[in-house]
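*Asks:* Just dropping this structure here.
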Amino acid sequence: MRILITGAAGRLGASLNERLSQPAENHTLILADIDEFDAADYGAARAFIVDAAPDLVIHSAAWTDVDGCAREPDRALRVNGLGAGNVALAAAQVNAAIVYVSTNEVFNGESDRAYHEYDTPAPINAYGVSKWAGEQAVMRASARHMIARTSWLFAHGGRNFVHVVLSAAHDGRALRVVDDEIACPTYADDLADAIARLMAVGRWGTYHLVNDGACSRYELARYIVERAGLSADITPIASHEWQRASIPPRYSPLHNLAAASVGVTLRSWQSAIDAFLTREGVALVAP
């Protein structure tokens with residue numbers, strides 16, 4: 001299969017490339033990032049995708065700076081909403097299916113349970129609005145679409161929450177971490193694997209692909225430090241004490257119902273953190 005991966009230079013893009021380039025998969029990968037084409041430019045997106053003639057497009061490219069999106073909501077809509085629509089329309093023109101990576105932030109966080117795939121989105125911040133706009137654009141453009149919602153992604157390379165916590169602990173710096181924002185930490189390698197398995201199944205639709213279980217940022221930070229055998233001064237704080245441009249949903253765990261129905265599940269977030277730390281060269285300490 002010829003697979004075009006957008007956002008290939010990003011952290012999820014790297015995990016998708018690694019997973020789908022395994023010889024047993026027998027795929028031809030076309031890797032694209034902003035240097036190849038800007039998804040927000042319909043002409044450029046259409047020209048690149050028509051020329052590449054993929055069988056499937058995985059649109060992982062996005063503007064994921066949540067606070068930046070809050071400051072520039074029109075740009076967020078242009079990149080994450082219109083951009084996703086441009087890619088989906090171009091993919092449909094060459095009869096390619098599309099996978100669109102979305103977020104738990106399409107929900108408002110007011111539920112008293114984990115969100116199912118068909119709960120109605122009601123985003124409360126610009127990033128969530130832009131990703132919900134992207135979901136709708138993809139669904140309108142192609143019947144053969146997969147919406148893959150995820151949350152709190154951590155990956156090798158770059159800098160993410162896990163790296164921040166480890167760095168602070170190593171340097172002896174105190175951390176103030178929100179304890180009333182709950183979601184599902186998700187390992188990019190596990191997300192890439194789940195997407196690959198769903199592609200093999202060929203059942204299109206909306207999926208919640210997150211590592212199993214939910215926790216607060218504070219609980220996550222404590223677990224990282226403890227498993228790494230470090231000590232750190234970590235103080236739990238309420239979300240209103242952490243000033244930021246965007247307002248995240250307070251309670252937004254995602255429930256994997258649809259993917260599990262076809263045998264695609266992800267391990268617990270604790271096991272995923274362990275695997276991530278091990279690959280990063282961190283010697284784990286027994287809990």
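*Asks:* From the residues in region 37-63 that are crowded, with 18+ Cβ neighbours inside 10 Å and either β-branched (Val, Ile, Thr) or touching a His at 6+ places or on another chain (Cβ under 8 Å) (or both), which one is farthest from ALA196 (Cα to Cα)?
*Replies:* ALA39
*Asks:* Looking at ALA196, ALA232, which is the one that is outside any loop (DSSP other than H, G, I, E, B), small (Gly, Ala, Ser) and either modelled with pLDDT of 95 or more or crowded, with 20+ Cβ neighbours inside 10 Å (or both)?
*Replies:* ALA196
*Asks:* In region 151-178, what residues are surrounded by fewer than 21 Cβ atoms within 10 Å (Cβ to Cβ) and part of a loop (DSSP other than H, G, I, E, B)?
*Replies:* HIS156, GLY157, GLY158, ARG159, ASN160, GLY172, ARG173, ALA174
*Asks:* Right, another one. Please indicate, with yes or no, whether at least one residue in region 2-16 is crowded, with 22+ Cβ neighbours inside 10 Å, closer than 21 Å to ASN80 by Cα and hydroxyl-bearing (Ser, Thr, Tyr).
*Replies:* Yes; the residues of region 2-16 include at least one that is crowded, with 22+ Cβ neighbours inside 10 Å, closer than 21 Å to ASN80 by Cα and hydroxyl-bearing (Ser, Thr, Tyr).
*Asks:* Tell me, yes or no, whether region 67-82 has at least one residue that is touching a Leu at 6+ places or on another chain (Cβ under 6 Å) and part of a loop (DSSP other than H, G, I, E, B). Walk me through how you get there before you give the answer.
*Replies:* Within region 67-82, the subset touching a Leu at 6+ places or on another chain (Cβ under 6 Å) is none.
For region 67-82, residues touching a Leu at 6+ places or on another chain (Cβ under 6 Å) and part of a loop (DSSP other than H, G, I, E, B): absent.
*Asks:* Within region 261-282, track down each residue that is charged (D, E, K, R) and within 24 Å of ALA200 (Cα to Cα). Show your work before the answer.
*Replies:* Residues of region 261-282 charged (D, E, K, R): 267, 274, 279-280.
Correct list: ARG267 only.
*Asks:* Identify, by number, the condition in (1) among the small types (Gly, Ala, Ser); (2) more than 25 Å from THR265 (Cα to Cα); (3) more than 18 Å from the chain's Cα centre (by Cα) that GLY158 doesn't meet.
*Replies:* Only one criterion is unmet by GLY158, namely (3).
*Asks:* Pairs under 7 Å by beta carbon, first residue touching a residue at least 40 places away in the same chain (Cβ under 8 Å) in region 192-215, partner of a type in the set (Phe, Trp, Tyr) and crowded, with 18+ Cβ neighbours inside 10 Å, six or more apart or different chains?
*Replies:* Filtered contacts from region 192-215: LEU198/TYR207; ASN211/TYR187; ASN211/TRP269; ASP212/TRP269; GLY213/TRP269; CYS215/TRP269.
*Asks:* Say we look at region 235-285 and pick out the residues that are aromatic (Phe, Trp, Tyr) and outside any loop (DSSP other than H, G, I, E, B); which of these is surrounded by the most Cβ atoms within 10 Å (Cβ to Cβ)?
*Replies:* Filtering region 235-285 for residues that are aromatic (Phe, Trp, Tyr) and outside any loop (DSSP other than H, G, I, E, B), the one surrounded by the most Cβ atoms within 10 Å (Cβ to Cβ) comes out as TRP269.
The values are calculated or read from the model by the stated rules, or taken from the named source; none is laboratory data. Everything numeric in this text was worked out from a predicted model, so none of it was measured. A quick note on method: Cβ atoms are made from the backbone with ideal geometry, for glycine too, and the neighbour counts reach across all protein chains shown.
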